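First up is the structure itself, then whatever we jot down about it.
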Amino acid sequence: MIAVDTLTVTIQGTPILSGVSLDIARGQILGLVGESGSGKSMTALALMGLLPHGAKASGRVLLDGTDLLSLPEARMCDIRGRQLGMIFQEPMTALNPVQTIGDQVAETLVIHGAASRAQALAEARKRLDRVGLPADRFPLTRYPHELSGGQRQRVCIAMAIALRPQLLIADEPTTALDVTTQAHILDLLRSLVEEEGMGLLLITHDLAVVAGMADHLAVMRAGEIVEQGPTGDVLRTRRHPYTRALFEASSHRPPAADTPPDGPLLQVRGAVRDYPLPRDGLFHRPAPFRAVNGVSFDIHRGESVGLVGESGCGKSTLTRAILGLEPLQAGEIQLDGQAVRAGERMPPELRRKMNVVFQDPYGSFNPRHRVDRLIAEPFHLGGRPPDAEARLDEALISVGLSPGDRSKFIHEFSGGQRQRIAIARALITRPELIVLDEAVSALDVRVRAQILDLLADLRVRFGLSYLFISHDLHVVRAITDRVLVMRAGQIVEDGPTERVLRAPEHPYTKDLLAAAPELEVPA
């Protein structure tokens, strides 16, 4: 159906893709894997005719014999949506926040002249039903902010398949989703391929995802395809050293800390967090929504604890309460014996004992400030110590960077380097507890392995405790001693990580493990 023949892309003379060749048949899933910057997304943009300004493409991209690279933009506008559909990684940025989901799905049909507005809305309803968003719960009048991450991704899929394209391109469609939602989205994509007869180009850094999904696998490095073939053959033989490196990174586990945990550092007792709901009548207000419902646990000094659960289970709300950003309606949180309360100015000595690393390092930094100011931000809360300059250098060296990086801006670094800078910022106050909120979920497998090794090393060197929030059970297994499983605002299982993940007791934990993709080598 589509044949990519020696596709080459340059930007201002710099090669981005070099001689890429791929074939995708109808009803076939091709997995394209590689680390960040390898050229996966650029390949997708080249197929869609959406290369950035200044890019030049050569070679051929044949769709049923028609070379897409030779077509004018007006013709490509007709092909996009009708013959080629694309699903992007972050659904919230792919959706218009001021348009209803019905209008956004119908828009493709109207723009291509495939239906009147009334007909397009009727078809939009069918597409939303098809992707698991039934009318009784998800009317066309809903807005994106009223949906969860997985539900938004389903809307994006409905938009991409509105005109039943021949090829669907999915660029990291499940990276930010929890394991059960990820499993639902992958099942949906697989069923669309089987029932609609379309081809699917699945772009991901997760080998476990493509192992269970793709018929064929292509491995990309530095703009080139270094290995490709039937998925089972590629995973079994791993002829290219880079393929072997990706495979090893996917199953990588850092060395365990040999220092036993000692004494409670963080204590959470009966934590309750409610949110008021809008009135549903003139004289009636519904009961508040309980996001966190009586949660209790401890984190000991030197201990790494994982917190897992689906989107909406209360992980983020609980995290904000621990950081002193959300008030509790009941219960208490203590750090090193001192109460953590939102709305009150936290004593500087308490604030210094706890810091946080977020999922998106670029989004958590001011791009107009240089690295030295970004890392020193925690000092603004408790005063700049006399040894601040020495601490800046120490923090950068600790995370594998150099003091010379202090004068650079955040855009000058890769994703993995930005996350190292985020960890350096967390270290600058010499904390005892670091909260890591999906800190490696957006990183490719090799960079993820490097960051996990770094965290394991820092934990031993500085005696750190971690609260590691993640939807990736493989990461939790690699970095934590104990795991808490959260569902609907409650901790439903708590125990040593290996015991919980090997022999779970609660049905919900069993469901999470069943939904997590496993990287298995075909016999």
Reachable lysines from Lys40, criterion Cα separation under 21 angstrom, eight or more residues apart if same chain: Lys56
Take the alpha carbon atoms of region 287-395, find their radius of gyration, then divide it by 2.2 N^0.38 Å using N residues; give the quotient. 1.25
Could you tell me what percent of the DSSP beta bridges with both partners in the chain are antiparallel, to the nearest 5? 55
Among the aspartates and glutamates, select those whose C-alpha is under 20 Å from the C-alpha of Lys408, and discard any that sit fewer than 8 residues away in the same chain. Asp360, Asp372, Glu377, Glu389, Asp393, Glu394
Which value, in Å to one decimal place, does the Kirkwood hydrodynamic radius take for region 172-254 when every pair of different Cα atoms is included? 13.9
Ranked from highest to lowest mean number of other Cβ atoms within 10 Å per residue, what is the order of the peptides 22-34, 407-419? 22-34, 407-419
Using only the alpha-carbon atoms, how far is helix 179-196 inclined from the longest principal axis of the chain? Give it as 0 to 90 degrees, nearest 10. 0
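Which value at 222 nm does the chain reach when only helices count, each DSSP H run of 4 or more adding -39,500 (n - 2.57), with the total divided by all residues and rounded to the nearest 500 deg cm²/dmol?
Helix contribution divided over all residues of the chain: -10000 deg cm²/dmol.
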dims of region 1-76, Cα set, principal axes, largest to smallest, nearest Å -> 35, 32, 18
What percentages make up the Cα-Cα pair-distance distribution of the chain when the bins are 10 Å wide from 0? 4, 17, 26, 26, 18, 9, 1, 0
How many times 2.2 N^0.38 Å is the alpha carbon radius of gyration of region 247-325? 1.60
Can you give the charge dipole size of the chain about its Cα centre, rounded to the nearest 20 debye, using +1 on the beta carbon of Lys and Arg and -1 on the beta carbon of Asp and Glu? 840
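Throughout, read-outs are computed from the coordinates displayed, never taken from laboratory work. Quick caveat: nothing in here was measured; it's all calculated off a predicted structure. Cβ atoms come from the backbone with ideal geometry, glycine included; neighbour counts cover every protein chain shown.
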